[in-house]
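Have a look at the structure below before the remarks.
The values are calculated or read from the model by the stated rules, or taken from the named source; none is laboratory data. Quantities reported herein were computed from a predicted structural model and do not represent experimental measurements. Every residue, glycine as well, gets a Cβ built from its backbone with ideal geometry; the counts of neighbours run over all protein chains shown. In case anyone asks, the SASA skips ligands and DNA or RNA and just uses the protein heavy atoms, side chains included. Shrake-Rupley method; radii C 1.70, N 1.55, O 1.52, S 1.80 Å.
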Amino acid sequence: MPFIRVSSNVAVNEGQAERIKAMLGQAIEVIPGKSEAWLMVEVEGEKALWMAGSDAPAAIAEVTVYGGASAEDYNSFTGRMCDILDSVLDVPADRVYVKYAETEHWGWNGSNF
């Protein structure tokens, strides 16, 4: 049950959002036990976002997972996330933050896992 929110200060059209969603569906599999079948993605563009005092293209990806993963798995996913945002939105890796949160309680379909 991963949820990924991508926010950027660049414009994101529907086609780009769809590409990001599809690429994240493949990338999430580097985290054991996670798949696109349970992935929820939100993509927001044209946000008021500054990094290091600059409004040059930047993005933050917030990744929430049910349970957890290893540091190596998260590191691998961060690399994939940066590649995706660079290839789709032209946001360079040094202008991307990836934030991880793990949760032990996750609700779906009227109850919790």
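Here are the numbers:
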item: Square roots of 5 times each gyration tensor eigenvalue, C-alpha, the chain, largest first, Å; result: 24, 15, 13
item: Spacing of the two label points (7 Å from each Cα toward its C-beta) at SER35 and SER76, in nm; result: 1.6 nm
item: Length added when fully stretched, ASP94-ASN109, from 0.36 nm per residue minus Cα-Cα; result: 1.6 nm
item: As computed over the stretch 16-61, the Cα convex hull volume per residue (Å³); result: 89 Å³
item: Set of aspartates and glutamates with alpha-carbon distance to LYS34 below 14 Å, sequence-local pairs under 8 removed; result: ASP73, GLU102
item: Between 0 and 90°, nearest 10: helix 71-89 axis offset from the chain longest Cα axis; result: 40 degrees
item: Hits among aspartates and glutamates - C-alpha to C-alpha of LYS47 under 16 Å, sequence gap 8 or more where chains match; result: GLU14, ASP55, GLU62, ASP90
item: Highest-fluctuation residue, LEU49, LEU85, LEU24 considered, GNM on the chain with Cα pairs under 10 Å; result: LEU49
item: Nearest 10 degrees, 0 to 90: helix 14-27 Cα axis against the chain principal axis; result: 50 degrees
item: Share antiparallel - DSSP beta bridges, the chain, percent rounded to 5; result: 40 percent
item: Helix-only [θ]222 nm of the chain, DSSP H runs n ≥ 4, -39500 (n - 2.57) each, per residue, nearest 500; result: -9500 deg cm²/dmol
item: Where LYS21, LYS34, LYS99 fall by accessible area, highest first, once all protein chains stay in place (1.4 Å); result: LYS99, LYS21, LYS34
item: Highest-fluctuation residue, GLY67, GLY53, GLY33 considered, GNM on the chain with Cα pairs under 10 Å; result: GLY53
item: Of PRO32, PRO92, PRO57, the one that fluctuates the most in a GNM where the chain has Cα springs shorter than 10 Å; result: PRO32
